[in-house]
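Report on one structure; see the data block that follows.
The values are calculated or read from the model by the stated rules, or taken from the named source; none is laboratory data. Computed from a predicted model, the values in this text were never measured in an experiment. Using ideal geometry, Cβ is built from the backbone for each residue, glycine included, and neighbour counts are taken over all protein chains shown. For the accessible areas, the whole protein counts, side chains as well, though only heavy atoms, and no ligand, DNA or RNA atoms are used. Shrake-Rupley method; radii C 1.70, N 1.55, O 1.52, S 1.80 Å.
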Amino acid sequence: MKRTEIVVLDNAAALAREAAHRIAAAIRTAVAARGTCMLALAGGNTPRTVHRELTLVEDLRWSHVHVFWSDERCVPPSDPRSNFRMAKETLLDVVPVPPDHIHRIRGEDKPEAAAAAYDALLRMRLGRAPHFDLVLLGMGEDGHVASLFLGHAALEERVKLAVAVTGPGIDPSRVTLTYAALDAAETAMLVVSGAAKAAPVGEVLGRADSVLPAARLEPRGSLVWLLDRAATGLQ
Ligand code: 6PG
């Protein structure tokens, strides 16, 4: 059964510092316990400041960390829209994660092929009971997490760990982790900033019957919401 923690920080800068502090702690805990940390990064823009704060944390054993992504746009890795490119620029070009520990989703391939390949990679890397030590997520203004959009069939997938997300209104197509992968995480941590997210935050955290994708997360361990005050609607 998941344990839910909700933390509100004064502003976006404090939010980024707290998120970096918690990511570092999760890395240290996992490496101390098992000699490795399986970390899935979020896409979008919010992680940029979190990554920069994370590069300032000293004595993290990055050589023991494996990096994955919770979703990817189906674009080449050099494309400005690529979640891999964003993480490379803001984190992976700065900290010494070994190149063979960086497991990007191949956005340049056809969505279904990229999703199938990532599912296989996750099962190979995460083992028989695949789970991440920490999955980082953002939330869209429509309450989506990763690329799990309300009403899309991907929300119902409970076997595959990664699927393609295509169809009307989804441009570019995406590859996303499914709830099967997200809920297997020891900790899922949402980092949500800004007034534009106050409405979905209020629904997901305020209504037990919310059907928004963010409301459906059930990680086997902890669910952590890191919010700035603007994202709570409390000014
Ligand atoms: C993506 C993300 C997506 C993102 C949210 C929040 O590929 O866009 O995975 O789920 O986390 O849309 O995005 P922002 O951080 O840019 O608000």
- Message: If the requirement is being surrounded by 14 or more Cβ atoms within 10 Å (Cβ to Cβ) and not in a loop (DSSP other than H, G, I, E, B), which of these qualifies: GLU72, GLU5?
- Response: GLU72
- With a cut-off of at least 1 residues that are under 23 Å from HIS152 (Cβ atoms) and modelled with pLDDT of 95 or more, name the helices (runs of 4 or more DSSP H) lying wholly within region 167-235. 179-182, 198-206
- Item | Sole residue being in contact with a Pro (Cβ under 8 Å, 6 or more places away or on another chain), of a type in the set (D, E, K, R) and in a helix (DSSP H, G or I), chosen from ARG81, ARG85, ARG104 | ARG85
- Is there a residue in region 81-88 that is small (Gly, Ala, Ser), surrounded by 15 or more Cβ atoms within 10 Å (Cβ to Cβ) and within 15 Å of the ligand (Cβ to nearest atom)? yes
- Query: Which condition does VAL159 not pass, out of (1) outside any helix (DSSP H, G or I); (2) open to solvent by less than 40 Å² (accessible area, probe 1.4 Å), if it passes all the others?
  - Reply: (2)
- Listed residues GLY202, GLY221; which is under 25 Å from ARG48 (Cα atoms), touching a residue at least 24 places away in the same chain (Cβ under 8 Å) and away from the ligand (no atom under 15 Å from the Cβ)? GLY202
- Within region 31-49, of all residues that are farther than 12 Å from MET86 by Cα and among the β-branched types (Val, Ile, Thr), the one least open to solvent (accessible area, probe 1.4 Å) is VAL31
